[in-house]
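The values are calculated or read from the model by the stated rules, or taken from the named source; none is laboratory data. Not measured: the values here are computed from a predicted model. Ideal geometry is used to build each Cβ from the backbone, glycine not excepted, and the neighbour counts take in all protein chains shown. Note: areas computed on protein heavy atoms with side chains; ligands, DNA, RNA excluded. Shrake-Rupley method; radii C 1.70, N 1.55, O 1.52, S 1.80 Å.
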Amino acid sequence: MWRTAAAWAALALAMSACSATAPSPVPSPVPSPQPAPSAPPTTASPPGTTAAPPVPSASAAPWQVGARPLPRRADGFGEVEPTPPELVNRALPTKDLFPPPAGNAYAATISAVPADVLARSTWQPSCPVKAADLRYLTMSFWGFDGRAHTGEMLVNAAGAAGITKVFGQLFAARFPLEEMRVTSPAELTAPPTGDGNSTSAFVCRPARGQPNWSAHASGLAVDVNPFCNPYTQGDLVLPELASAYVDRSRRRPGMVLAGDATVRAFAAIGWSWGGNWHSPTDRMHFTATGH
């Protein structure tokens with residue numbers, strides 16, 4: 001068994017699972033998040049796709065992600081608690097880290113990992129992948145706020161081109177993501193809050209409840225909207241506040257469902273879905289290794 005503290009901390013961040021091109025310039029950070037518009041874009045979605053949800057009312061009190069640590073279970077994870085009313089139909093606005101895509105059109109870049117990005121990631125020399133074998137991606141995505149955003153991701157070089165293709169298809173389908181960013185070292189030791197929802201790939205950590213490395217530690221797994229697509233095993237739900245999303249018959253934006261466009265897009269590049277597993281069932285998790 002890997003250390004308990006590392007286990008629950010690593011899982012808290014999973015919520016919060018190619019051929020290289022020439023390095024591309026990283027967008028300049030936005031000084032401060034832009035206010036969400038009062039209405040979503042009027043662009044029509046293609047038939048059979050999922051439209052972005054409406055922009056939340058400006059008068060609604062926003063949920064502060066990560067503000068309340070959970071009591072800890074004997075196994076080191078946070079206590080599984082009922083989903084707060086504010087998160088039962090989760091549609092939180094995205095905090096912009098980079099400028100949005102021009103003209104609300106999908107854009108993606110693949111580059112070697114910049115030194116400053118590597119420094120703020122969880123990579124270390126003991127990880128099972130060399131820094132030179134990782135790639136830094138920027139990709140457009142639709143938020144739950146009905147706006148187009150730019151996110152970032154670290155992945156294995158072998159899967160970089162395929163991942164940009166997958167997220168291009170999700171963008172075309174207006175499949176909403178809450179955030180997409182590189183996981184920081186502080187998140188590995190932060191207390192569990194059970195409300196994370198960051199879509200991410202590379203995280204240098206062991207597999208859940210196992211001594212071996214996770215596929216995330218090699219950049220060969222992506223977790224998509226962890227809160228909307230929770231991990232379950234026995235009485236454990238991760239993120240710990242996501243119990244409302246265990247019932248997959250109640251369809252809400254951001255959910256990954258068997259045979260849907262998200263599962264098909266990953267399958268087309270040879271990645272499998274943890275939602276097909278039994279004990280555990282890892283609905284957020286897509287992997288190139290089968291683990």
Filter the range 74-90 for residues that are at pLDDT 95 or above and open to solvent by 30 Å² or more (accessible area, probe 1.4 Å); which is nearest to R147 (Cα to Cα)? N89
Of the residues A112, A158, which single one is in contact with a strand residue (DSSP E or B) (Cβ under 8 Å, 6 or more places away or on another chain) and surrounded by fewer than 23 Cβ atoms within 10 Å (Cβ to Cβ)? A112
Test for R250: is it over 26 Å from P101 (Cβ atoms) and in contact with a His (Cβ under 7 Å, 6 or more places away or on another chain): no
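For residues that are at pLDDT 95 or above and either more than 25 Å from P62 (Cα to Cα) or not in a strand (DSSP E or B) (or both), tally how many sit in the range 192-217. Steps first, please.
So the first thing to find is which residues in the range 192-217 are at pLDDT 95 or above, and the list is 192-204, 215-217.
Next, only the ones that are either more than 25 Å from P62 (Cα to Cα) or not in a strand (DSSP E or B) (or both) stay: 192-197, 201-204, 215-217.
Within the range 192-217, residues that are at pLDDT 95 or above and either more than 25 Å from P62 (Cα to Cα) or not in a strand (DSSP E or B) (or both) number 13.
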Can we say S126 is open to solvent by less than 40 Å² (accessible area, probe 1.4 Å) and either part of a loop (DSSP other than H, G, I, E, B) or farther than 19 Å from T199 by Cβ (or both)? no
Subset of the range 226-235, residues more than 24 Å from M139 (Cα to Cα) and either assigned to a loop (DSSP other than H, G, I, E, B) or open to solvent by less than 10 Å² (accessible area, probe 1.4 Å) (or both), comes to G234, D235
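Farther than 30 Å from D116 by Cβ and either of a type in the set (A, V, I, L, M) or buried (at least 22 other Cβ atoms within 10 Å of the Cβ) (or both), is that true of P280? Give the steps one after another, and end with the answer.
Details: farther than 30 Å from D116 by Cβ: yes; either of a type in the set (A, V, I, L, M) or buried (at least 22 other Cβ atoms within 10 Å of the Cβ) (or both): no.
Spelling it out, it is not the case that P280 is farther than 30 Å from D116 by Cβ and either of a type in the set (A, V, I, L, M) or buried (at least 22 other Cβ atoms within 10 Å of the Cβ) (or both).
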Given the conditions (1) in contact with a Ser or Thr (Cβ under 7 Å, 6 or more places away or on another chain); (2) open to solvent by 50 Å² or more (accessible area, probe 1.4 Å), report the number of the one that V256 does not fulfil. (2)
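Per-residue answers, yes or no, for (1) surrounded by fewer than 23 Cβ atoms within 10 Å (Cβ to Cβ); (2) hydrophobic (A, V, I, L, M, F, W, C):
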{"site": "D195", "(1), (2)": "no, no"}
{"site": "T199", "(1), (2)": "no, no"}
{"site": "V224", "(1), (2)": "no, yes"}
{"site": "D247", "(1), (2)": "yes, no"}
{"site": "D260", "(1), (2)": "yes, no"}
Of P176, P185, P211, P191, the only residue that is of a type outside the set (A, V, I, L, M, F, W, C), touching a helix residue (DSSP H, G or I) at 6+ places or on another chain (Cβ under 8 Å) and at negative phi is P191
